[in-house]
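Colleague: Just passing along the structure, written as structure tokens.
Read-outs throughout are calculated quantities, based only on the coordinates presented, and are distinct from any laboratory measurement. Since the structure is predicted, the reported quantities are computational estimates derived from the model, not experimental observations. Neighbour counts are summed over all protein chains in view; Cβ atoms, including those assigned to glycine, are modelled from backbone coordinates with ideal geometry.
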Amino acid sequence: MADIAFLLLIFFLVTTTMDVDKGLNRKLPPWDDNPIKETSTIKEKNVFVVLVNGQDQLLVEDEYMDVRDLRQAAKEFIDNNGDGSCDVCKGSRSPESSDNPAKAIISLQNDRGTSYETYIKVQNELVAAYNDLRDELAQSQFGKPFDLLGEDAKKFVQDKYPQIISEAEPVSLGGR
């Protein structure tokens, strides 16, 4: 009888599936015990403001925008090279937009009523803008996509296009 109970126990343990909670696949920046103390002020033109209201509408730089257009707008902002200091940027060098990718900050703020679907779409489009710029640079400099580069080459590309996304705590921006 004990053998049968043991076999049944093994059978149910092997055949039963466990529900695993799935979360967001986001990699947080590494913890730094010595945070960099900013002494300089940030120019308003170096901040790309993205607001998402409770009705899942985007307000980007004071203009309504569709999520599908967000990636291209973010790429143009990051790659602008307004001060001419970026040697790999191909932007329009508009004096009203960011100085260079190292100074370009994307500020994202959501409403408490924003749906998770829209939140994830916006996050993905902003990260994809950086990934596209990094891939383009990796292809032109090394002839490979960014993911296939060695550590030194990846560091070079990441230094040229550092990912700076600031996410503020959700507030009531309007809508619902």
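Colleague: So what is the relative contact order of the chain, in percent, for Cα pairs below 8 Å that sit 6 or more residues apart?
Modeller: Normalised by residue count, the contact order of the chain is 24 percent.
Colleague: Using modelled backbone amide H atoms (1.01 Å from N, in-plane), which distant-in-sequence or interchain residues come within less than 5 Å of VAL49's amide H?
Modeller: GLU61, SER107
Colleague: Once every DSSP H run of n ≥ 4 in the chain is given -39500 (n - 2.57) and the sum is divided by its residues, what mean residue ellipticity at 222 nm do you get, rounded to the nearest 500 deg cm²/dmol?
Modeller: Estimated from H runs of four or more residues: -12000 deg cm²/dmol.
Colleague: Given LEU108, VAL67, ASN80, which one lies farthest toward the positive end of the charge dipole of region 41-167, if we put +1 on the Cβ of every Lys and Arg and -1 on the Cβ of every Asp and Glu?
Modeller: Of the listed residues, the answer is ASN80.
Colleague: If you don't mind, there's one more thing I want to ask. What is the set of long-range amide H partners of GLU167 at a cut-off below 5 Å, with H atoms built 1.01 Å from backbone N?
Modeller: Counting only residues 5 or more places away or on other chains, the set is LEU108.
Colleague: While we're on this one: As a test, work out the antiparallel percent of DSSP beta bridges whose residues both lie in the chain, rounded to the nearest 5.
Modeller: Approximately 40 percent, going by the DSSP bridge assignments.
Colleague: How far apart, in nanometres, would the label points at LEU7 and GLU63 be if each is projected 7 angstrom from Cα along the Cα-to-Cβ direction?
Modeller: My value for the distance between the label points is 7.3 nm.
Colleague: Could you give each residue of region 42-55 its phi-based ³J(HN,Hα) in whole Hz, using Karplus coefficients 6.51, -1.76, 1.60 with θ = phi - 60°, and x for Gly or Pro?
Modeller: Rounded to whole hertz, the list is 9, 6, 4, 5, 8, 10, 9, 8, 10, 10, 10, 8, x, 9.
Colleague: Under the rule of at least 5 residues apart or a separate chain, name every residue whose amide H is placed under 5 Å from the amide H of LYS144.
Modeller: Answer set, sorted by chain and number: GLN139.
Colleague: Express in nm, to one decimal, how much length is gained between ASP33 and VAL49 on full extension, taking 0.36 nm for each residue of separation and deducting their alpha carbon distance.
Modeller: 2.9 nm
Colleague: Cα axis of helix 2-15 to longest principal axis of the chain: angle in degrees, 0 to 90, nearest 10?
Modeller: 20
Colleague: On to the next question. May I ask for the net charge around GLN57, where only other residues with Cβ less than 10 Å from the Cβ of GLN57 are counted and Lys, Arg are +1 while Asp, Glu are -1?
Modeller: -3
Colleague: Let me ask something additional. Compute the angle between helix 116-142 and the longest alpha-carbon principal axis of the chain, please, reported from 0 to 90 degrees and rounded to the nearest 10.
Modeller: The two axes meet at around 60 degrees.
Colleague: Let me ask another. Could you go through region 154-164 in sequence order and give the Karplus-derived ³J(HN,Hα) for each residue, using 6.51 cos²θ - 1.76 cosθ + 1.60 with θ = phi - 60°, rounded to whole Hz, and x for Gly and Pro?
Modeller: Once rounded to whole Hz, the list reads 4, 5, 4, 5, 5, 5, 6, 10, x, 7, 10.
Colleague: Shifting gears a bit: Determine, for PHE146, PHE11, the number of other Cβ atoms within 10 Å of each Cβ, and report the residues in order from fewest to most.
Modeller: So the ranking, lowest neighbour count to highest, is PHE11, PHE146.
Colleague: Report the semi-axes of the equivalent ellipsoid for the chain in whole Å, largest first, where each axis is √(5λ) for an eigenvalue λ of the Cα gyration tensor.
Modeller: Semi-axes, largest first: 40, 24, 16 Å.
Colleague: While we're on this one: Counting Lys and Arg as +1 and Asp and Glu as -1, each charge on the Cβ, what is the dipole of region 41-167 about the Cα centre in debye, to the nearest 20?
Modeller: 300
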